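Here the structure comes first, spelled out in structure tokens, and everything after it is commentary.
The values are calculated or read from the model by the stated rules, or taken from the named source; none is laboratory data. Computed from a predicted structure; not experimentally measured. Heavy atoms of the whole protein, side chains included, go into the accessibility calculation; ligands, DNA and RNA do not. Shrake-Rupley method; radii C 1.70, N 1.55, O 1.52, S 1.80 Å.
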Amino acid sequence: MTCTCQQCKALLLPMDMSIDRLPEIPFDLYEVDKCKIKDIRGRNFFFHEIRKNHTSIIIFSRNFIEQETKDYIEDFAKISPSYLKDNDVKIILIASAYHTNLASFCQETKFVHEVYTDASLAIHRKAHLFSQIVDGGSKAQINPHLKHSSFIRFLLSTKRASERSTKGHGSLFQQGGQVVINSDGKVLYFHRDRNNTDQTPINFLLSASGLNKSFDHFKDHQTKTNIFHDLRRRNIKNFEFV
């Protein structure tokens, strides 16, 4: 596929280059910082309070019912908080579920990092995260954190929905996203999920936060070609991989 849109032309890209993903449109961090979120105990915090003094890897998750959410979040549990602390990095999960459902989800996924909820979706809206699926995905899309086929994930999601009320476990339509923000308030990386399997590989988030260590148990299986087609993961000026 050859992209000839005005956005690509503005980047002075070769006309014959295949483009799968352009950089995300940035959001106003100042406005997001003023939004309130709740922790696992129901206490209110401003967004800027939870991210200050650290480089923060922030995951906006979809609802807790879908197996895709469980698969992705439980892989973050494999990263030691002490290792992150030694490097002034922390991982923050922001859900759209009720705060009363955070503890059970963390127990289920063994998630040991910070967790909050934006049940009102105020931050989701300020960050312009997609409020519905905008891309059904493609065969070329590879998510190294999904542990089952699409059919098995559907069955597992159905089973999860039958075992609990869907109320309070997050919006069934709201899409998630991932953002890396350093201690100075600079957004180092931003990704808006287009569908429920469109999450950024964890190893790439760690790399974007400045960590050199790569975790083999969820190694990014995407080909170098796929990464090259994602302009957010490349040095545009020199056309080199980052």
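Convex hull volume of the C-alpha atoms in region 88-132, normalised per residue: 96 Å³. Gyration tensor over the Cα atoms of region 31-99: the corresponding equivalent ellipsoid has semi-axes (square roots of 5 times the eigenvalues, largest first) of 20, 19, 10 Å. How big is D for region 27-167, in µm² s⁻¹ as a whole number, if Stokes-Einstein is applied with the Kirkwood radius of its Cα pairs at 10 °C and 1.306 mPa s? The estimated diffusion coefficient comes to 98 µm²/s. Once all protein chains are placed together, Glu68 keeps about 20 Å² accessible to a 1.4 angstrom probe. Counting only protein chain heavy atoms and rolling a 1.4 Å probe, the accessible areas of His113, His191 rank, largest first, as His113, His191. Figure note: Tyr30, Tyr83, Tyr116 ranked by solvent-accessible area, largest first, 1.4 Å probe, ligands and nucleic acids not counted: Tyr30, Tyr83, Tyr116.
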